[in-house]
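What follows is calculated from the coordinates using simple rules that are stated; it is not laboratory data. Since this is a predicted model, take the numbers as computed values, not measurements. A quick note on method: Cβ atoms are made from the backbone with ideal geometry, for glycine too, and the neighbour counts reach across all protein chains shown.
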Amino acid sequence: MDFAFSEEQQALREAARDFLAQRAPLTAVAGLADSNPGWQPAIWDSLVQLGWLDGELSPIEHAVLLEEAGYALLQAPYFSTVALSWPANDGRTRLSLAAAEPGTPGGLFADSYATTVDAGGRVTGEKVLVPDGAWAEAFLVLTDAGPRLVQATDTIVTVLSTMDSTRRLATVRFAGAPSTGVTADLTALRRRALALAAAEAVGVTRRAFDIAAEHAKTRQQFDRPIGTYQAVSHRIADSYGAVQLATSLTAWAVWCVAEDDPQADQACAAAAAFAAPAAVQACESAIQVLGGIGMTWEHSIHRFYKRAQWLAAFVDAAARRRDLAAALLD
């Protein structure tokens, strides 16, 4: 069984990294994150033209693209569209998943939903913690009657003040909003969301490692690069190991999703449970390696740290470990 990426997929990775370096450079992240609306809408047309929303792309290609998006801290509703709302994708529309409800834990992983659909297909209810809610053109809404597609113009969107301003959350209210049915297997959607969240976490982990390693090579203390000191080098070595293991687990997960493998549930749970916390730890290590500059608002590492924490909260690593234990031991 070969989990290695093909030549075409490696070429896709290189093209994506070059594009993001030019159109979404790290130097522009802070300005966009602190602005209103918080992103550059024109970049979406470029993603569409490049085929990033092509319906023929497999979860493996999307994992490649999302890893690079995480590495660049892309500010656009790409994760919301391809990882969370793919059953409603038409190759162009900005989408987000409206799943979590007030006072009801679980979100995408809940057993039932209070949001209702009447005989005319009109949706009524409230959804919270909707990612990129203000940037979406339509919502894939999980209801008591199954997934429904609702246009953003038929909803009331309230943007929330959130820690990660590069991926803002919103409350979305539906008051008899017209909708259309969407054929979607929620089990498959959950697997896909976990696998692709792990892929984005790999990108964040890799960037945190690169930032820390570069600083350790160039910053000197007592006429020696700080990377020669064990307190620094051990942190960087741990982050490198985390990158490699997260990459392997994520490759297994997205392959299982793409092939509808019987081990998909285990693979996705394992990848998400490891990769997202690993991103948090790698960012914390990078902040420590950077020292004083790592604590400043001006440095980008705190924004990667916040994205890592967003991903960790989304996948709920503790719940995924319970899922994995149940699959292996029950």
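What Kirkwood Rh does segment 42-139 have if only Cα atoms enter the pairwise 1/r average? Answer in Å.
Details: mean 1/r = 0.0680 Å⁻¹.
This gives a value of 14.7 Å.
In terms of the ratio Rg/(2.2 N^0.38 Å) built on C-alpha atoms, what value belongs to segment 10-69?
On the way: Rg = 12.4 Å, N = 60, 2.2 N^0.38 = 10.4 Å.
Compared with the compact-globule rule of thumb, segment 10-69 sits at 1.19.
Hey, what D do you get for segment 95-181 in µm²/s if you plug the Kirkwood alpha-carbon radius into Stokes-Einstein at 37 °C and 0.692 mPa s?
Diffusion coefficient, whole number: 261 µm²/s.
For the chain, which span is the longest to avoid every loop-located (per DSSP) member of GluC sites (Glu not before Pro) having at most 16 other Cβ atoms inside 10 Å?
Longest site-free region, per DSSP loop and neighbour criteria: 138-297.
With each label point set 7 Å from Cα along the Cα-Cβ vector, what nm distance links Lys217 and Asn36?
4.3 nm
For a quick check, take a GNM of the chain with Cα springs below 10 Å and name the residue from Ala16, Ala88, Ala42 with the largest mean-square fluctuation.
Taking springs between Cα atoms under 10 Å, the residue moving most is Ala42.
Dividing the convex hull volume of the alpha carbon atoms of segment 118-264 by its residue count, what do you get in Å³ per residue?
That works out to 141 Å³ per residue.
Let me check against my output: what whole-number percent is the relative contact order of segment 251-330, with C-alpha pairs under 8 Å and at least 6 apart?
Worked out over segment 251-330, it gives 37 percent.
Taking the Cα centre of each part, how many Å lie between segment 190-219 and segment 87-148?
So the separation of the two Cα centres works out to 29 Å.
Go through segment 143-244 and name the chymotrypsin sites (Phe, Trp or Tyr not before Pro) that are in a DSSP coil and have 12 or fewer other Cβ atoms within 10 Å of their Cβ.
Phe222
How big is the charge dipole of segment 7-88 about its Cα centre, in debye rounded to the nearest 20, if each Lys and Arg gets +1 on its Cβ and each Asp and Glu gets -1 on its Cβ?
Its charge dipole is roughly 300 debye.
When only Cα pairs under 8 Å and 6 or more residues apart are kept, what is the percent relative contact order across the chain?
Rounded, it is 16 percent for the chain.
Give, in nm to one decimal, the length gained when the segment between Ala4 and Tyr240 is fully stretched (0.36 nm per residue of separation minus the Cα-Cα distance).
Working: separation 236, 0.36 × 236 = 84.96 nm, distance 1.87 nm.
This chain segment gains 83.1 nm when fully extended.
What does segment 186-329 give for Rg and for Dmax, in Å, if only its C-alpha atoms count?
Calculated on Cα positions, Rg and Dmax stand at 16.7, 57 Å.
I need the shape label for segment 167-206. Rule: rounded when a/c is under 1.5, else prolate if a/b > b/c, else oblate, with a, b, c from the alpha carbon gyration tensor. Intermediate values should be presented prior to the final figure.
Values: a/c = 4.63, a/b = 1.63, b/c = 2.83.
Oblate is the answer for segment 167-206, as a/c is 1.5 or above yet b/c matches or exceeds a/b.
Let me have the relative contact order for segment 1-95, percent, based on Cα pairs under 8 Å that are six or more residues apart.
Details: 66 pairs, mean separation 33.1, N = 95.
Here the relative contact order equals 35 percent.
Could you calculate the FRET efficiency of Ala15 with Ser161 from 1/(1 + (r/R0)^6), where r is the beta carbon distance between them and R0 is 30 Å, rounded to 0.05?
Working: r = 36 Å, r/R0 = 1.19.
Efficiency at R0 = 30 Å is approximately 0.25.
Considering the convex hull of the alpha carbon atoms of the chain, report its projected area averaged over all viewing directions, in nm², one decimal. Before the final figure, lay out each step's value.
On the way: hull surface 70.6 nm².
For the chain, averaging the hull's shadow over all directions gives 17.7 nm².
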